[in-house]
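**Q** Submitted below is the structure of interest, expressed as structure tokens.
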Amino acid sequence: MTRKRKRMVFIYVPLITIGVIFLAGKLYVDRVEANAQLLADTGQSAIKLLGEYKSGVENLSVDEIVACYDDNYSSEAEGFWSEELESERDGVRVYQWRLDGIKPFHKADVREQVSRYLGRVRSIEEGKFKLDSVEQIPRSGQAVIRSILWVRGVGLDGVPFESHALFRQWLHAAEGEWKIEKQALIHGETVTGDRAGFTNITEKAGITFESHQNPTWNTPEWLPKKFGIIKYGQGGVSTADYDNDGWYDIFFGDGSHPRLYRNNGDNTFTDVTVKAGLPAEMIGIAVGVFADFNNDGNKDLFLGCSTGPNRLYRGNGDGTFTDVTEGAGLGGYLVTVAAAGDYDNDGKLDVYLGRYLDPRTKLPTTLFYTRNGEGNTLLHNDGNFHFSDVTAKAGVREGGLTLGVAWGDYDNDGYQDIYVANDFGRNALFHNNGDGTFSDVSKRTGTMDYGYGMSATFGDIDNDGNLDIYVSNVHSGQRWYGQAATLYQYMLTSTRQGTILEDLPLYKEIYASVGADYSSYGDRVVKGNSLLMNDGAGHFTDVSESARANPFGWYWGSTMFDYDNDGRQDIYAVNGWISGKKKDDL
Amino acid sequence: MDQYKRGLFFSDEFVGENSWNGYERKCLFANAGGGQFLDVARPAGADSIKDGRGVAIADYNGDGKLDLVINNNNSTPTVYLNNLRRAGKCIEMKLVGTRSNRDAIGARVRLSAGGKTMTRQVEAGSGYASEAMLPIHFGLGGSAKIDSAEIIWPSGLTQRIEGSRLDPFVDRMARIEEGSQQITEARAARMAGRVAASMRQAHRGRT
């Protein structure tokens, strides 16, 4: 081989090959980015248009609303929104939206439609019109979207009301102005009532507690700037009859001053934290679990801590607690949630701890299929207030960033299983095998929820004898953005974060679990709360959308309870992420 | 948005003085049956706007209707007392394990009444960092008669109870010990406490 030829083979050819691969890769990345950009731009335009509509509603201005519609608006068959009474009980009326006078609709008919609706309204307190999803972008400047209208105000009859309606809308841009050219109501409902069902008695009850941020998050050691939002997670709340007087008391977890309030039995409460033998100040108490760990008939108190060691207090039976933390073996830091259950049915209560991520050393990788959390912990109760970490043996080290854990025997085999809701990371169902081990059955059972899990609860929603699961998630009203976030985009993000090599196996796992749908992975991540119905044969189906238990919002705690004693489990879900000085959302 | 895309939204500066899904209204999804729920938080008056975190359930005033407490971030908590005028009847059960753990956590009760069989479990901790009262609660609708109940204890024992033995505890809290046929009023201590309180009050009135 001549020297020239050698140089050709060993230097130029590889260089050219690398160059071509690089260019092809760059073109591909550019295309992924361009598609995402188109979706993002379309989403922004739709949000702007819906925002104008919303202002029109808040101003009770038919003109402003009608201005959102195209002059050539045309729908083959549409009607006027009418409200049909569906049920009435305890001062609460439920109306379903029906379409009246169905006919081909034009812009003038829309004016009539909107006028009739607003004609029943005395005042508007607040309106929201959120983009639920971008269903299609036939071409640039055109889009089919789903949107959610949410209006609260007072009707002409003086009764407070709230309306929720889901639409499909066809939008197009003419000279840069986006307008609605066609619209279809998917469903809508209005609820009215006298607001007398529940009374907020907090102040009257003498509860003066105010939650505090954990000051440790703001110290240089915990790198507050890097993962600053971690400090808004506080805090849990527990209810138990700690002093066996038959009245249920309240414990508030807190960043610095957790509080125990004793129920006086007359709708008032007294702060007994110090009197009960608990410290006046405790840093980073995320969660308190009252349970009788030594079976003596008194409630003991386990405290899960974020930035320090966990604690255990023995209940003395006289309304006081004694610190038995020393040598109890209570697991590591970064605890967010905890629940007691007896996984081996030995008559002694064990504890499962949900944990987050140590912001001193890392950030969540892959952004949404995170596995680099601290790892959850199962503590086996050995008796005498001593616990052993059996996580590895039991196989329940879930590495997502956990914000919800719940025990429940979903398959009625007599052993309590565990469901884990992960904020960053997919959720997991662990089947208790009855021999001290668990199996991750998330994929097989259809419970591998991908949302930003914020809490989880077991309960029998349909009275069929099987425990269903409600998971609170984020349905942020920016779902369109989630759609833009394809698996490829996540990979690009990982590349930018410099974690692509360690994340690659996870992407393989995501691909394996969502199969051909992987491109819309982001959409699953922000689709909102999940109501997973248990069919009794080992499979769950998410019905949250058809059940209408999934409005937009950033949900945290959720629970099942029968608030009206009708024999059906209802759901209460609390929401709200950061209410800043400026009311407008990011 | 670029920060969001690049995963920089963990940082405090990203939020600034803005709100981020702030000022949201809590939801009370009433189970309408047939797989349908309706958010009735506003008409029922349970639609606080604070940034909620944990939420726990208990019957704080012993009237058989479940109340709520919410721990809110950066604010005072919310305690909602349930005042529904026409709520159905109910029975609450405090289970006491003997062979099982004393709190009976993990026990399941199937209760038949008014043509329904309801299943509830005893649990200590769920939702987001929250714990409801341990006793379980069954709404009975208009029916004041219970057909039967079956308790599946964590020890493996299945205990059947005739409805007629539970009927006296409708709208009250029954205390049931594992394997025992005796059912008692769980709020005996509370009753005694109430008497003591009223005596104290009477005493204060005299002085």
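Bear in mind these aren't lab numbers, they're just calculated from the coordinates by the rules spelled out. None of the values given here were measured: they were computed from a predicted structure. Cβ coordinates were reconstructed from backbone atoms using ideal geometry, including for glycine residues, and neighbour counts include every protein chain displayed.
**Q** As an exercise, identify the trypsin sites (Lys or Arg not before Pro) in segment A:172-271 lying in DSSP coil whose Cβ has no more than 15 other Cβ atoms within 10 Å.
**A** A:Lys204, A:Lys225, A:Lys226
**Q** Taking only the Cα atoms of segment A:57-149, how large is their convex hull per residue, in Å³?
**A** In segment A:57-149, the Cα convex hull volume per residue is 139 Å³.
**Q** Would you mind checking A:Lys443/A:Lys508; A:Lys182/A:Lys527; A:Lys583/B:Lys50 for any pair whose Cα atoms are more than 19 angstrom apart?
**A** Going by Cα-Cα distance, A:Lys182/A:Lys527 fall outside the 19 Å limit.
**Q** Considering amide H positions built from the backbone, and no H for Pro or chain starts, which residues 5 or more places from A:Asn565, or on another chain, come under 5 Å of its amide H?
**A** HN-HN under 5 Å from A:Asn565: B:Gly88.
**Q** Which ordering of A:Phe161, B:Phe169 is given by a fewest-first count of other beta-carbon atoms within 10 Å?
**A** B:Phe169, A:Phe161
**Q** Could you put B:Tyr23, B:Tyr80 in order, starting from the residue whose Cβ has the fewest other Cβ atoms within 10 Å?
**A** Listing B:Tyr23, B:Tyr80 from fewest to most nearby Cβ atoms yields B:Tyr23, B:Tyr80.
**Q** Counting partner chain Cβ atoms within 10 Å of every residue's Cβ in A:336-349, what's the average?
**A** 6
**Q** OK, next. With only alpha-carbon atoms in the gyration tensor, what are the semi-axes of the equivalent ellipsoid for segment A:146-285, in Å, largest first?
**A** Computed over segment A:146-285, the values are 44, 28, 11 Å.
**Q** Highest mean first, what order results for A:529-541, B:66-78, A:133-145 on Cβ atoms within 10 Å?
**A** By packing density, highest mean first, the sequence is B:66-78, A:529-541, A:133-145.
**Q** Using packing as a proxy for protection, rank A:164-173, B:129-138, A:434-443 so that the peptide with the highest average count of other Cβ atoms within 10 Å comes first.
**A** Most protected by this proxy first, the peptides run B:129-138, A:164-173, A:434-443.
**Q** How much of the pair distance distribution for segment A:213-365 lies past 28 Å, counting alpha-carbon pairs only, in percent?
**A** Tail of P(r) above 28 Å: 22 percent of Cα pairs.
**Q** Provide a whole-number value for the mean count of partner chain Cβ atoms within 10 Å of the Cβ atoms in peptide A:281-290.
**A** 3
**Q** Over the alpha carbons of the protein assembly as shown, what is the largest minus smallest coordinate on each principal axis, giving the biggest first in Å?
**A** The principal-axis extents, from largest down, are 98, 80, 52 Å.
**Q** Principal axis extents for segment B:95-151, Cα atoms only, whole Å, descending order, please.
**A** In descending order, the Cα extents are 33, 30, 13 Å.
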